[in-house]
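Below you'll find the structure, written out as structure tokens, and then a few comments.
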Amino acid sequence: MAGREHALHMQHAAANNHPQSARMTSINLKPEFTEGQGPVVTFTKLNVEYFRTIPGWLKLAQLLIGVICLGCGSPALFGFARFYIFVASVSFICTALLTLAKLFSITISIPKVEWTFAEMIYTLVCCCLWVLAAVLELAIPTSNSFRIYGLLGEQFRNQYVVAGIFGLFQMITYGAGTFFLFVEWQASRPAPAPTSIPQS
């Protein structure tokens with residue numbers, strides 16, 4: 001729909017001898033919904049400035065540490081390692097999608113959904129999952145009961161311990177991200193109306 005409108009705009013400009021650049025700076029994808037019925041997806045511009053802020057640095061750190069965690073935590077041969085890889089892969093994919101949304105300034109307007117609050121809850125859940133995954137990844141390979149796996153366990157013990165350490169770093173980045181999203185959410189909320197004290 002937006003591409004057809006752009007093409008018609010370019011044809012109209014050419015017919016009126018107004019040279020236009022073929023470069024688009026804004027796209028608005030609006031499904032055929034009336035007001036208040038459905039979502040509206042908008043893409044305005046590249047938002048490189050976001051990555052010069054602390055929340056932007058945290059998003060990049062989460063992606064970088066996520067790649068390291070995926071590398072150190074695989075192969076997932078045991079139950080705790082499978083859980084670790086599950087947390088690492090799901091959080092990496094969701095964070096990558098959120099990072100792309102921030103980079104391309106993609107906003108989805110869905111009624112009654114506050115995206116800053118939703119992202120804060122997602123980041124808090126990731127932080128809690130990373131605590132659990134990192135502790136399991138550190139505790140089980142270093143315990144005496146892990147020796148029952150013999151040579152196979154010994155081969156991957158150090159690798160799993162390193163993965164657990166990076167999992168703790170990942171927990172810190174998601175915890176810090178939750179804090180900054182909470183601050184942003186609190187700042188975006190409307191101020192409460194002043195209450196008047198009834199006079200007798």
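Which ones in the stretch 47-83 are among the aliphatic types (A, V, I, L, M) and part of a helix (DSSP H, G or I)? Matches in the stretch 47-83: V48, I54, L58, L60, A61, L63, L64, I65, V67, I68, L70, A81. With respect to T99, determine if the residue is touching a helix residue (DSSP H, G or I) at 6+ places or on another chain (Cβ under 6 Å), β-branched (V, I, T), at negative phi and without any contact (Cβ under 8 Å) to a residue 60 or more places away in the chain. Against the criterion (touching a helix residue (DSSP H, G or I) at 6+ places or on another chain (Cβ under 6 Å), β-branched (V, I, T), at negative phi and without any contact (Cβ under 8 Å) to a residue 60 or more places away in the chain), T99 qualifies.
Please enumerate the residues belonging to the stretch 138-153 that are farther than 11 Å from F78 by Cβ and at pLDDT 75 or above. Once the filter is applied, which keeps residues that are farther than 11 Å from F78 by Cβ and at pLDDT 75 or above, the stretch 138-153 yields L138, A139, T142, S143.
Of the residues examined, C69 is not one that is surrounded by fewer than 19 Cβ atoms within 10 Å (Cβ to Cβ) and under 26 Å from Y50 (Cα atoms). Checking each residue in the stretch 96-125 for being charged (D, E, K, R) and surrounded by 15 or more Cβ atoms within 10 Å (Cβ to Cβ) picks out K102, E119.
Listed here are the residues, each with its yes/no results for (1) exposed (fewer than 15 other Cβ atoms within 10 Å of the Cβ); (2) modelled with pLDDT of 80 or more; (3) among the β-branched types (V, I, T); (4) touching an Asp or Glu at 6+ places or on another chain (Cβ under 8 Å).
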| site | (1), (2), (3), (4) |
| --- | --- |
| C127 | no, yes, no, no |
| Q155 | yes, no, no, no |
| Q159 | no, yes, no, no |
| M171 | no, yes, no, no |
| T178 | no, yes, yes, no |
| A187 | yes, yes, no, no |
| P192 | yes, no, no, no |
| I197 | yes, no, yes, no |
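Checking each residue in the stretch 78-90 for being closer than 13 Å to I68 by Cα and under 13 Å from the mean Cα position of the chain (by Cα) picks out A88, S89. In the stretch 159-187, the residues that are without any contact (Cβ under 8 Å) to a residue 40 or more places away in the chain form Cβ pairs under 7 Å with partners that are among the hydroxyl-bearing types (S, T, Y) and surrounded by fewer than 17 Cβ atoms within 10 Å (Cβ to Cβ), at six or more places apart or across chains, as follows: V161/T142.
The values are calculated or read from the model by the stated rules, or taken from the named source; none is laboratory data. Source: prediction; values computed, not measured. All Cβ positions, even for glycine, are placed from backbone atoms using ideal geometry, and neighbour counts span all protein chains on display.
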